[in-house]
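**Q** Structure incoming, see below.
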Amino acid sequence: MQKRIHQLLQADKLFKAVALFATFSLLFLSLKPPGEDSQPWDILFIRADLVLHFIGYFGLTLLYFFAFYTHTNTLLKAYVFAMLIGVCTEILQLIPIFQRHFDFVDLIANLFGGFCAWLISKRFFYYSIDN
């Protein structure tokens with residue numbers, strides 16, 4: 001099974017295209033102005049936007065890992081690129097035209113989501129990671 005997955009991941013053009021689409025989607029969703037009647041909501045006493053940040057950067061880090069699978073230092077590149085996107089979007093939210101606000105807790109959720117994806121990738125793809 002691992003050999004089949006390894007062979008699938010060798011075709012990195014598909015994953016690069018998906019990662020590029022996901023990056024632009026995440027940028028759009030992070031920078032679009034909130035709706036006029038949007039209300040904050042919670043999931044089990046956790047702000048739901050933190051869960052969305054975690055899921056978004058977890059997925060983005062995994063996609064970058066798959067896109068850079070044939071490169072050296074795959075995990076490091078995937079995590080660094082995903083976190084650069086996360087930090088840049090939070091900094092861009094300081095610009096008033098986006099009608100968003102910088103939130104340090106969102107940045108922590110981004111970092112934690114990427115870190116969890118890094119741990120899972122390291123655990124499940126240990127046999128093929130060049131570090």
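**Q** Residues that are more than 17 Å from A22 (Cβ to Cβ) and more than 17 Å from the chain's Cα centre (by Cα): does the stretch 114-123 have at least one?
**A** yes
**Q** F81 - would you say it is farther than 15 Å from A19 by Cα and open to solvent by 20 Å² or more (accessible area, probe 1.4 Å)?
**A** Values: farther than 15 Å from A19 by Cα: no; open to solvent by 20 Å² or more (accessible area, probe 1.4 Å): yes.
So F81 fails the test.
**Q** Scanning for something closer than 23 Å to F112 by Cβ, touching an Asp or Glu at 6+ places or on another chain (Cβ under 9 Å), modelled with pLDDT under 90 and charged (D, E, K, R), does the stretch 35-43 turn up at least one residue?
**A** no
**Q** Confirm whether I85 is farther than 28 Å from R123 by Cβ and assigned to a helix (DSSP H, G or I). Walk me through how you get there before you give the answer.
**A** Details: farther than 28 Å from R123 by Cβ: no; assigned to a helix (DSSP H, G or I): yes.
Spelling it out, it is not the case that I85 is farther than 28 Å from R123 by Cβ and assigned to a helix (DSSP H, G or I).
The values are calculated or read from the model by the stated rules, or taken from the named source; none is laboratory data. This is a predicted model, so every value here is computed, not measured. Virtual Cβ from ideal backbone geometry, glycine too; neighbours counted across all protein chains shown. To get the accessible areas, we keep the full protein, side chains included, count just its heavy atoms, and leave off ligands, DNA and RNA. Shrake-Rupley method; radii C 1.70, N 1.55, O 1.52, S 1.80 Å.
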